[in-house]
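Step one of this worksheet: look at the structure below.
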Amino acid sequence: MTRDVVIIGAGQAGGRAAEALRKVGFDAPVFLVGEEDRPPYERPPLSKSVLTGKSDAGAAALFGPEFYDENRIELVIGTRVTRIDPAARKVELAGRAALSYGHLLICTGGRVRELDFADRRLSGLHYLRTAADAEALRDSMARAGRMVVVGGGFLGLEVAASARAFGIEVTVIEGAPHLLDRVLPPAIAERIAALHVRQGVTLRLGCPVVGIRAEGGAVTSVETADGRSVPADVVVVAAGIVPNVELAADAGLQIGNGVVVDEFCRTAAPGILAAGDVANHPNALLGRRLRLESWQNAQNQAIAAAKTIGGQGAPYAEIPWFWSDQYDMNIQVVSVPPATDATVLRGDPESGHFTCLSLFEGAVVGATAFNMGKEVRAARMLIEHRLHVAPAELADTSVRLRDIAEKHLAAVPADRASEMIR
């Protein structure tokens, strides 16, 4: 049987997996297949430096062109995978001969969630997922006076911040009652909402978009459920992504909010693994399954999958971490707790440097650091070990958060600490 590895998806997860295979000493052929016509690149700069013109999309490439030859990785880009045949261990490609595999790694990521009532061909209507999307949006922004962003998640808010840097009038419309509804408690989300309002962004929350009007093939306004019309030269839809599970589903793999994998990134089908935005994995640290759409997970889960293929596998579980740059604020979110019942403010929000800690039943379960990246590692320690700390102690900025975490961790009996980590 071939020992070749075929990786479907030449994004960040696929690229990092290919790199990691060589680092763990895997010597068999590696094929990295991607539908885009560009080598693997990182997506975070697309909504920030690429939109503002501080860098071009090429600067986001994971590796230089020599990397693939030097590491004997066959990069097959601009090519669509049409079928996975688990019985024959083959991957069929459009316009190319099929590839046989010993191991197959699915890193197909996701695609933008589109508005079903809007014609994507309308001039001025944009989605942002690829480098080409970012370049097209940047060109439109250069001629725009008014922008509507549909969706109040990190991507939408980063686009709003980038647009304000050009003086564009921006309205963010979010159907949920507060911004960042999937990742932050309302009390913390309100801090980010206030940041955007101070920068001149108009927020329309709890009001779904129901239509987009156009004249002469170009967008003119966005219609909301309350009957209002918001004028726009540019509309950016940032309504999340849909995991690309179709290939896996057609191959008979288990699907449930993504491709279902175990703690080693393996599906139930022999030799087939999945990683990145498309993978639904068990997280022992959080005690539940989840599918993550983040830079951290795309990279680290892909590396974990490569180690499994290379015979050096270990259970993959990390505390989720997200980051976002908006205006002069660096925002870092640690964990996505299913529930919180208290919030502790550490520092003065007026200073622009503070941390919000989320608690549930006395334990720290989440944190959001505003220009306080130095506290992120300590917050992760508190969350990972499910430490109970009095709110007054957490709020005391005269003591480093790391010292607080280490103090409480040291007080936990060794057997209890081991149980918490499991």
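The values are calculated or read from the model by the stated rules, or taken from the named source; none is laboratory data. Remember, predicted model here, so these are calculated numbers, not experimental data. Please note: Cβ atoms are built from the backbone with ideal geometry, for glycine as well, and neighbour counts cover all protein chains shown.
Quick notes on this one:
- Verdict on residue 210 being over 23 Å from the mean Cα position of the chain (by Cα), in contact (Cβ under 8 Å) with a residue 40 or more places away in the chain and surrounded by fewer than 22 Cβ atoms within 10 Å (Cβ to Cβ): yes
- Of all residues in the range 222-270 being at positive phi and crowded, with 16+ Cβ neighbours inside 10 Å, the one that is nearest to the chain's Cα centre (by Cα): 258
- Taking (1) touching a Phe, Trp or Tyr at 6+ places or on another chain (Cβ under 9 Å); (2) farther than 30 Å from residue 200 by Cβ; (3) surrounded by 16 or more Cβ atoms within 10 Å (Cβ to Cβ) in turn, residue 364 satisfies each apart from (1).
- Selection of the range 194-210 for residues being small (Gly, Ala, Ser) and either closer than 18 Å to residue 169 by Cα or assigned to a strand (DSSP E or B) (or both) yields 194, 200.
- For the range 298-308, the count of residues that are farther than 26 Å from residue 23 by Cα and small (Gly, Ala, Ser) is zero.
- Qualifying residue in the range 4-23 (condition: part of a loop (DSSP other than H, G, I, E, B), among the charged types (D, E, K, R) and touching a strand residue (DSSP E or B) at 6+ places or on another chain (Cβ under 8 Å)): yes
- When residues of the range 271-300 are limited to those that are assigned to a strand (DSSP E or B) and in contact with a Gly (Cβ under 7 Å, 6 or more places away or on another chain), the one surrounded by the most Cβ atoms within 10 Å (Cβ to Cβ): 279
- Lone qualifier among 383, 319 - being outside the structural domain of residue 156 (by TED's automatic domain parsing), touching a residue at least 60 places away in the same chain (Cβ under 8 Å) and part of a helix (DSSP H, G or I): 383
- Options 59, 98: the member that is in a strand (DSSP E or B), free of Cβ contacts under 8 Å to residues at least 24 places away in the same chain and not assigned by TED's automatic domain parsing to the domain that holds residue 214: 98
- Of all the listed residues (218, 232, 189, 225), the sole one being modelled with pLDDT under 95 and either assigned by TED's automatic domain parsing to the domain that holds residue 278 or of a type in the set (A, V, I, L, M) (or both) is 189.
- Any hit, the range 39-46, residues being surrounded by 17 or more Cβ atoms within 10 Å (Cβ to Cβ), in a strand (DSSP E or B), in contact with a helix residue (DSSP H, G or I) (Cβ under 7 Å, 6 or more places away or on another chain) and not aliphatic (A, V, I, L, M): yes
- For the range 322-361, residues that are in a loop (DSSP other than H, G, I, E, B) and on the phi > 0 side of the Ramachandran plot total 4.
- Any hit, the range 180-190, residues being touching a residue at least 60 places away in the same chain (Cβ under 8 Å), among the charged types (D, E, K, R) and under 30 Å from residue 259 (Cβ atoms): yes
- Index of the failed condition, residue 204 passing every other in (1) at pLDDT 95 or above; (2) surrounded by fewer than 19 Cβ atoms within 10 Å (Cβ to Cβ); (3) among the basic types (Lys, Arg): (2)
- Residue check, residue 316 among the hydroxyl-bearing types (Ser, Thr, Tyr) and under 23 Å from residue 260 (Cβ atoms): yes
- Residue that is surrounded by the fewest Cβ atoms within 10 Å (Cβ to Cβ), among those in the range 16-38 that are more than 16 Å from the chain's Cα centre (by Cα) and closer than 19 Å to residue 296 by Cβ: 23
- Residue count for the range 153-178, restricted to those that are crowded, with 22+ Cβ neighbours inside 10 Å and either touching a His at 6+ places or on another chain (Cβ under 8 Å) or of a type in the set (S, T, N, Q) (or both): 5
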